[in-house]
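Everything below concerns the one structure shown next.
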Amino acid sequence: MNTYQKELIKATIPILRESGEVLTNYFYARMFKAHPELRNMFNMGNQANGRQKSALANAVLAYAENIENPSVLISVLKGIGTKHRSLNIQPEQYKIVGTHLIASIGEVVGEAATQEILDAWTAAFYQLAEIMINLEKEMYQENKAKSGSWNGWRKFVIKKIIQESTEIKSFYLYPEDGKEITEYHAGQFISIQVFVPELDLLQPRQYSLSSAFNPEYYRISVKKETGIAPNPSGMVSNTLHSKSEGDVVSISSPAGIFHLEKDSKNPLVLISGGVGLTPMLSMLETNLNSIQNKKTIWIHGCRNESVHAFKNQIMEIKKDAGHLETFTFYDTVENDDETSNQIIQGRVDLHKCKDAILLEEAKFYICGPEMFIKAQYETLINLNVSEKNIFYEEFGPQLINLN
């Protein structure tokens, strides 16, 4: 891109701020009409609830704002790239996206989108595409080099299903071919692909691995979302909850940049809301199995005891692990004896356990709904925790960027 083109991109920033989501909404409709097969690759739940459109609008705006130095976005791009790798996104698909995005700019913006502006955005998009393609190429190569790993989709058999709470089931996934599976870092996820009859589509979803690595299987623990019609956001979780032992699903190899740092000796503070406890459980078990046994604070919040998954497992770990301290928050305490079992009534409030969590050089990991993450992050900052020691995982398209 030349200097003049960069200035043209910057000149469109006010339009992107005002009409970014109108543009991305139009873009997706245009692209899916021309390439309906891509509906099998995109999360149609996030299309219906608007999260994907918002995420793309935010990404386009951020790129325009940093067009002089897009390298400052590299950490965000790596997060997008690792998800693309898990979905088996290929370079040729960037051309499809570029064609429809540039056309959408012209059709939505109208006469203000001069040919010079469209040419500038074409150059900008393919600059970004080249960055992403190169990043993802390295990820595919690194993944392929791992023992037991694979790129693309691989069939796994659901050999065991465990009801963990009234809403959450664990699925134990064994490779159908009986061959080796690859190791992963605690906190990472897999993509799973199932056919959803209501949509007549294959649909991918990402689910955190919910246990320490076991060389025989992967485990995911999935919350059944309710109230899905007409929004398809929960159709994959409902489809999974209807599965039986012996059914086969397709999954990608583990991916993700939210995970424990290997060989780190820092104390851990694991903060989760609802089903956000799944990657934390993997971290907790992995730490328990390591020789480090780092001081660990487990903080979890959910609505009540009936939806509290893995409650007994955490209690058993705590009995045997002197390095573990737990704080559990219930919106509603249903039994009087729950408060004697270290249950705190109300939403997660880190001020109520600040004396326990403010450990020197502790690493803080947060996972849960968007507002939950923001609230815990802001509290930690107010408690003078350095942002470099705070890590978070947002389920779905990235809408928040706190550090």
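The values are calculated or read from the model by the stated rules, or taken from the named source; none is laboratory data. Bear in mind that the values here come from a model prediction, so they are computed numbers and not experimental data. Virtual Cβ from ideal backbone geometry, glycine too; neighbours counted across all protein chains shown.
Structure above, values below:
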| read-out | value |
| --- | --- |
| Test: residue in segment 81-89 that is over 21 Å from ILE181 (Cα atoms), outside the structural domain of TYR184 (by TED's automatic domain parsing) and surrounded by fewer than 16 Cβ atoms within 10 Å (Cβ to Cβ) | no |
| Residues (in a helix (DSSP H, G or I) and hydrophobic (A, V, I, L, M, F, W, C)) located in segment 95-119 | ILE96, VAL97, LEU101, ILE102, ALA103, ILE105, VAL108, VAL109, ALA112, ILE117, LEU118 |
| Selected residue (only one of SER210, SER191 is over 17 Å from GLN313 (Cβ atoms), under 19 Å from the mean Cα position of the chain (by Cα) and at pLDDT 95 or above) | SER191 |
| Residue match in segment 393-403 (condition: at pLDDT 95 or above and of a type in the set (Phe, Trp, Tyr)) | no |
| Whichever residue in segment 239-255 is among the polar types (S, T, N, Q) and closer than 30 Å to TYR140 by Cβ and, among such residues, is modelled with the lowest pLDDT | THR239 |
| The one condition in (1) without any contact (Cβ under 8 Å) to a residue 60 or more places away in the chain; (2) farther than 23 Å from HIS259 by Cα; (3) surrounded by 13 or more Cβ atoms within 10 Å (Cβ to Cβ); (4) outside the structural domain of ASN40 (by TED's automatic domain parsing) that TYR174 fails to fulfil | (2) |
| The one condition in (1) touching a residue at least 60 places away in the same chain (Cβ under 8 Å); (2) of a type in the set (Ser, Thr, Tyr); (3) under 30 Å from SER253 (Cα atoms) that TYR94 fails to fulfil | (1) |
| In segment 299-310, residue farthest from GLY273 (Cα to Cα) [restricted to those that are surrounded by fewer than 20 Cβ atoms within 10 Å (Cβ to Cβ) and either touching a Gly at 6+ places or on another chain (Cβ under 8 Å) or not polar (S, T, N, Q) (or both)] | GLU305 |
| Single residue of TYR28, TYR126 found to be under 27 Å from GLU394 (Cβ atoms) and aromatic (Phe, Trp, Tyr) | TYR28 |
| Residue under evaluation GLU334, criteria (1) more than 19 Å from SER210 (Cα to Cα); (2) part of a strand (DSSP E or B), criterion not met | (2) |
| Boolean, ARG30 is in contact (Cβ under 8 Å) with a residue 12 or more places away in the chain and surrounded by fewer than 18 Cβ atoms within 10 Å (Cβ to Cβ) | yes |
| Given (1) surrounded by 19 or more Cβ atoms within 10 Å (Cβ to Cβ); (2) closer than 22 Å to GLY322 by Cα, index of the condition LYS262 fails | (1) |
| Subset of segment 222-238 [out of contact with any Asp or Glu (no Cβ under 6 Å at 6 or more places or on another chain), at pLDDT 90 or above and either surrounded by fewer than 21 Cβ atoms within 10 Å (Cβ to Cβ) or within 30 Å of GLY322 (Cα to Cα) (or both)] | VAL222, ASN238 |
| Pick from segment 356-371, criterion modelled with pLDDT of 95 or more and not aliphatic (A, V, I, L, M), ranking: nearest to ARG303 (Cα to Cα) | CYS367 |
| Among (1) modelled with pLDDT of 95 or more; (2) assigned to a loop (DSSP other than H, G, I, E, B), the one test that LEU277 misses | (2) |
| Those residues of segment 245-255 which are surrounded by 21 or more Cβ atoms within 10 Å (Cβ to Cβ) and either assigned to a loop (DSSP other than H, G, I, E, B) or free of Cβ contacts under 8 Å to residues at least 60 places away in the same chain (or both), in sequence order | SER252, SER253, PRO254 |
| Hits in segment 43-94 - residues which are within 18 Å of TRP153 (Cα to Cα) and either touching a Lys or Arg at 6+ places or on another chain (Cβ under 6 Å) or part of a loop (DSSP other than H, G, I, E, B) (or both) | ASN43, LEU87, ASN88, ILE89, GLN90 |
| Pick from segment 1-41, criterion more than 18 Å from GLY110 (Cβ to Cβ) and in a loop (DSSP other than H, G, I, E, B), ranking: modelled with the lowest pLDDT | MET1 |
| Residue identified as of a type outside the set (Gly, Ala, Ser), over 30 Å from LEU199 (Cβ atoms) and surrounded by 15 or more Cβ atoms within 10 Å (Cβ to Cβ) among TYR4, TYR63, TYR94 | TYR63 |
